[in-house]
Amino acid sequence: MAESRTLRPLKREPAVTIIASRLTDAIMDGTLPPGSQLGEAELAAQLGVSRGPLREAMQRLVQQGIARSVPHRGVFVMSLDEDDVRDIYLARTAIESAACRLVLQQDPQRTADRLATVHRAMATAARNGDPAALSAADMELHQVLVEESGSVRLKRMAETLFVETRMCMTALADEYPMPVEMVEEHAAIIEALRAGDEERLYALLDEHMQDAVRRLTGHGQITDPSGAIAAADRTA
């Protein structure tokens with residue numbers, strides 16, 4: 001007699017999670033620009049949701065640091081200044097360097113292959129003159145790198161930083177690197193990873209982050225008062 005099988009019920013994400021994701025996407029693409037107020041009534045109407053889960057979703061954004069709550073006024077999208085940009089990329093350098101260190105200890109060839117797949121999409125977007133696809137591929141490549149580390153905590157810490165990075169890139173789209181330069185920079189990082197060239201990998205990643213800061217602020221570089229991150233990279 002054939003074994004009786006049943007279909008498992010579909011997993012439904014909580015409404016709060018979906019709403020928070022939609023709000024985050026709107027913040028990243030500039031639909032909800034820095035400094036704008038997250039009005040409950042307006043957003044509830046636009047999203048077709050009740051205020052309860054919307055309010056909870058907004059508080060999640062506050063906890064993540066991409067929105068702020070002002071007593072008696074409401075919740076506002078965070079505004080990022082030059083110091084924020086430097087701090088974001090300083091933190092990203094630390095997290096992605098740590099991710100590289102873990103990847104090198106595991107299966108760098110597999111990671112390089114995964115990154116290469118995303119890189120091909122990046123190159124295609126550059127050839128087609130598609131800035132939205134290029135930006136998406138850029139962020140996906142860095143997300144894959146952190147994910148490949150296998151560290152749940154690195155991935156969790158990186159999530160908010162990636163949202164803030166997209167906020168910077170959207171607000172300062174004119175300062176985004178030339179497509180050819182972006183494709184070449186990422187190709188070099190993947191090549192160093194595949195070759196297991198640890199010193200070159202850290203140097204390329206650091207320069208990549210410094211270059212982003214220069215473009216987004218117009219000057220300066222990432223500063224690490226304690227020197228701890230730079231020292232860790234040199235001795236890793």
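The values are calculated or read from the model by the stated rules, or taken from the named source; none is laboratory data. The structure presented is a predicted model; accordingly, all values stated were derived computationally and were not measured. Because the Cβ atoms are built from the backbone with ideal geometry, glycine has one as well, and the counts that use them run over all protein chains shown.
Details
- Which numbered condition R101 misses (of (1) part of a helix (DSSP H, G or I); (2) not assigned by TED's automatic domain parsing to the domain that holds T165): (2)
- Residues located in the range 141-158, provided they are crowded, with 16+ Cβ neighbours inside 10 Å and more than 15 Å from R92 (Cβ to Cβ): E148
- Yes/no for A57 being over 27 Å from E191 (Cα atoms) and either crowded, with 21+ Cβ neighbours inside 10 Å or basic (K, R) (or both): yes
- Criterion: modelled with pLDDT of 75 or more and surrounded by fewer than 18 Cβ atoms within 10 Å (Cβ to Cβ) - qualifying residue of V180, V213: V180
Residue-wise test of (1) in a helix (DSSP H, G or I); (2) closer than 20 Å to M139 by Cβ; (3) assigned by TED's automatic domain parsing to the domain that holds T170.
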site	(1), (2), (3)
I19	yes, no, no
I27	yes, yes, no
P33	no, yes, no
E42	yes, no, no
A45	yes, no, no
G52	yes, no, no
M58	yes, no, no
Q63	yes, no, no
I88	yes, yes, yes
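- Residue within the range 131-145 that is among the charged types (D, E, K, R), out of contact with any Leu (no Cβ under 6 Å at 6 or more places or on another chain), at pLDDT 90 or above and in a helix (DSSP H, G or I) present: yes
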